[in-house]
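A.B. asks: Okay, here's the structure, questions in a sec.
The values are calculated or read from the model by the stated rules, or taken from the named source; none is laboratory data. All values derive from a computational prediction rather than experimental measurement. Here the Cβ positions follow ideal geometry from the backbone for every residue, glycine too, while neighbour counts run over all protein chains shown. Ligands, DNA and RNA are stripped out before the accessible areas are found, and what is left, the full protein with its side chains, is counted by its heavy atoms. Shrake-Rupley method; radii C 1.70, N 1.55, O 1.52, S 1.80 Å.
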Amino acid sequence: MFVDRVKIHVKGGNGGNGMVSFYRAKYITHGGPDGGDGGKGGSVIFVGDESMNTLMDFRYKRHFKAENGEDGGKRNCFGKDGEDVIIKVPVGTVIREANSGKIMADIATAGEQKVLIRGGRGGKGNQHFATPTRQAPRYAEQGQVAKEYDVILELKLIADVGLIGFPNVGKSTLLSMVTNANPKIANYHFTTLSPNLGVVKGRHGDTFVLADIPGLVEGASEGVGLGHEFLRHVERTKVFIHVVDAAGIEGDDPVENVRKINQELAAYNPELLKRPQVIAANKMDIPQAEENLLRLKETYEKEGFAVYPISAATNRGLDELLQAVAELLKHYPEDIIFAEEYEEYDEVEVGREPFTIEEVDEHYFVVSGVGVEKMIGYTNIDTEKGFAFFQRYLKERGIIEALEAKGIQQGDTVRIYDLEFEFWK
Ligand SMILES: Nc1nc2c(ncn2[C@@H]2O[C@H](COP(=O)(O)OP(=O)(O)OP(=O)(O)O)[C@@H](O)[C@H]2O)c(=O)[nH]1
Ligand SMILES: [Mg+2]
């Protein structure tokens, strides 16, 4: 189960203010009050949309605000109502208030609408406040200020197919070519640090969710390079596309690389090698890949793995690969049960679990460990209190000290699970 999760900010439209004004015309100096009412602010409305499968769109747009109502005018002119903002979300999205984590809405069916924030009421103009004794009220009502929230959208997804392999072999490139996903692609290791999801639409209308899982390294099964975190993602997919750099750009042997990754899978959970797996020999646009392809086929077809030559960058061989995978999925037993995401830990105990620090790249440090992971999970560092707690935690647990011992410098990047920040003392 993958949890696609984004935090967004939503704000309702404020009501327009009521107007203070008096009727004026030639020869009439003291006309009655004629200030119009302010318009109603727009509401924030969530709608379940069947055609959406992930929350990816929200990575690019995170602020949503409904329009304010217009202020009332002179001569009984009413202010215009503000437009609603309608936010489409995939069916199955849960909306939580970010600070408390409490569920505000749960969009369970297509077309279902939930008004999360009502627009503010418009203020009444001064004409409403005239009484026999106070015929010229210099008072009008203010528009109502609408609520705003940080909310977390959460969508639980089963990814059918996982892209596994060493870093830099082209997993994200492949995902970007066959789905609408737009992952970061770059020529260095650990470009991807959390899974990206995309939906593959097959030729025959069949679809499946493809997960781009961060690169594994040797020792992943012992926790090296966030290995445990990444392998947990692998565990939640049914069929693997094992991507290997057939050109061996980094100077190592593709045949051995496939073996090494499978050894890590087996060491982590022997069940994983029983799941269907196809090998995608990538970067076939590079000449030296041809010879390695033959060796990959020779070695692994004997062992029952189909080997597909592809070039993710130039879109070669991708159709055949996806079709084979769709076929494997069809024969996959539906009722597989995946282990739950996290075991329950005792938070206090867990906070003391050891952590590890790795310098995965120049000026880039990754802190991992059950304790810090859990701490991140229950701390909302966007609040002042949460942030203070977080800083205290890093200090008290000796993480700052340990980073310094590793030679961290001002401005270097630190990553702790979902969280990335610059190190400033
Ligand atoms: N020549 C060639 N280069 C490719 C191909 N596919 C990917 N690349 C390049 O390989 C590099 C790594 O690609 P990514 O897709 O970021 O690799 P990744 O496996 O997701 O890497 P991590 O996220 O670090 O695990 C990039 O520079 C890509 O442009 C291909 O088919 N041919
Ligand atoms: Mg990647």
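A.B. asks: Around GLU291, what is the net charge, scoring Lys/Arg as +1 and Asp/Glu as -1 over all other residues with Cβ under 14 Å from its Cβ?
C.D. replies: -1
A.B. asks: Which ³J(HN,Hα) values, rounded to whole Hz and listed in residue order, are derived for the stretch 138-150 from phi using the Karplus coefficients 6.51, -1.76 and 1.60 in 6.51 cos²θ - 1.76 cosθ + 1.60 with θ = phi - 60°, glycine and proline given as x?
C.D. replies: Those phi angles translate into 9, 9, 9, 7, 6, x, 7, 7, 7, 6, 9, 9, 8 Hz.
A.B. asks: I need two numbers for the chain: Rg to one decimal and Dmax as a whole number, Cα atoms only, in Å.
C.D. replies: Expressed in Å, the Cα Rg and Dmax of the chain come to 28.6, 103.
A.B. asks: Assign unit charges at the C-beta atoms only (+1 for Lys and Arg, -1 for Asp and Glu), then state the dipole size of the chain relative to its Cα centre in Debye, rounded to the nearest 20.
C.D. replies: Dipole of the chain, to the nearest 20 debye: 2800 debye.
A.B. asks: Residue by residue, what Karplus-based ³J(HN,Hα) values in Hz, rounded to whole numbers, does the stretch 403-411 have, using 6.51, -1.76 and 1.60 with θ = phi - 60° and x for Gly and Pro?
C.D. replies: 5, 5, 4, 7, x, 5, 10, 3, x
A.B. asks: Mind checking which of PHE78, ALA159, VAL89 is farthest towards the positive end of the stretch 78-160's charge dipole, using Cβ charges of +1 (Lys, Arg) and -1 (Asp, Glu) about the Cα centre?
C.D. replies: PHE78
A.B. asks: Another question, then. Report the extension gain between ASN269 and GLU112 in nm, rounded to one decimal, defined as 0.36 nm multiplied by the number of residues separating them, less their alpha carbon distance.
C.D. replies: My answer for the length gained is 52.5 nm.
A.B. asks: I've got another one for you. Ignoring everything but the protein chains, give the 1.4 Å probe accessible area of TYR139 in square angstrom, nearest 10.
C.D. replies: Approximately 110 Å² for this residue.
A.B. asks: Also, quick follow-up: Given the stretch 347-422, what percent of its DSSP beta bridges are antiparallel, to the nearest 5?
C.D. replies: Of the beta bridges lying entirely in the stretch 347-422, close to 70 percent run antiparallel.
A.B. asks: Setting aside same-chain residues fewer than 8 positions from LYS406, which lysines have a Cα under 19 Å from its Cα?
C.D. replies: Cross-link targets: LYS395, LYS425.
A.B. asks: Peptides 122-128, 18-24, 248-254: what's the order by average Cβ count within 10 Å, highest mean first?
C.D. replies: Highest to lowest by the protection proxy: 122-128, 18-24, 248-254.
A.B. asks: How much area per residue is accessible in the stretch 158-330 when the probe is 1.4 Å and only protein heavy atoms are counted (Å²)?
C.D. replies: Per-residue accessible area for the stretch 158-330 comes out at 41 Å².
A.B. asks: Given a Förster distance of 30 angstrom, what is the FRET efficiency for TYR27 paired with ARG138, based on the Cβ-Cβ distance and rounded to 0.05?
C.D. replies: Calculated transfer efficiency: 0.85.
A.B. asks: Ok, one more. Rounded to the nearest 10 Å², what accessible area does LYS147 have for a 1.4 Å probe in the complete protein model?
C.D. replies: Its heavy atoms expose roughly 130 Å² to the probe.
A.B. asks: Distances over 21 Å make up what percent of all Cα-Cα pairs in the stretch 2-156?
C.D. replies: 53
A.B. asks: Using C-alpha positions alone, give me the convex hull volume of the stretch 347-422 per residue in cubic angstrom.
C.D. replies: 84
A.B. asks: Which of the lysines could a cross-linker bridge to LYS74, judged by Cα under 18 Å and excluding same-chain residues fewer than eight apart?
C.D. replies: LYS26, LYS40, LYS124
A.B. asks: Across the stretch 84-95, in residue order, what do the Karplus-derived ³J(HN,Hα) couplings come to in whole Hz, using 6.51 cos²θ - 1.76 cosθ + 1.60 with θ = phi - 60° and x for Gly and Pro?
C.D. replies: 6, 10, 10, 10, 7, 9, x, 4, x, 7, 9, 10
A.B. asks: DSSP beta bridges in the stretch 2-156, what fraction antiparallel, as a percent rounded to 5?
C.D. replies: Counting only bridges with both partners in the stretch 2-156, antiparallel ones make up about 75 percent.
A.B. asks: Based on C-alpha coordinates, I'd like the Rg and Dmax of the stretch 70-180, in Å.
C.D. replies: Values for the stretch 70-180 (Cα only, Rg and Dmax): 24.6, 83 Å.
A.B. asks: If we sort 5-11, 235-241, 278-284 on the protection proxy, mean other Cβ atoms within 10 Å, highest first, what's the order?
C.D. replies: My ranking of the peptides, most packed first, is 278-284, 235-241, 5-11.
A.B. asks: Ranked highest first by average number of other Cβ atoms within 10 Å, how do 80-87, 46-53 line up?
C.D. replies: Output ranking for 80-87, 46-53: 80-87, 46-53.
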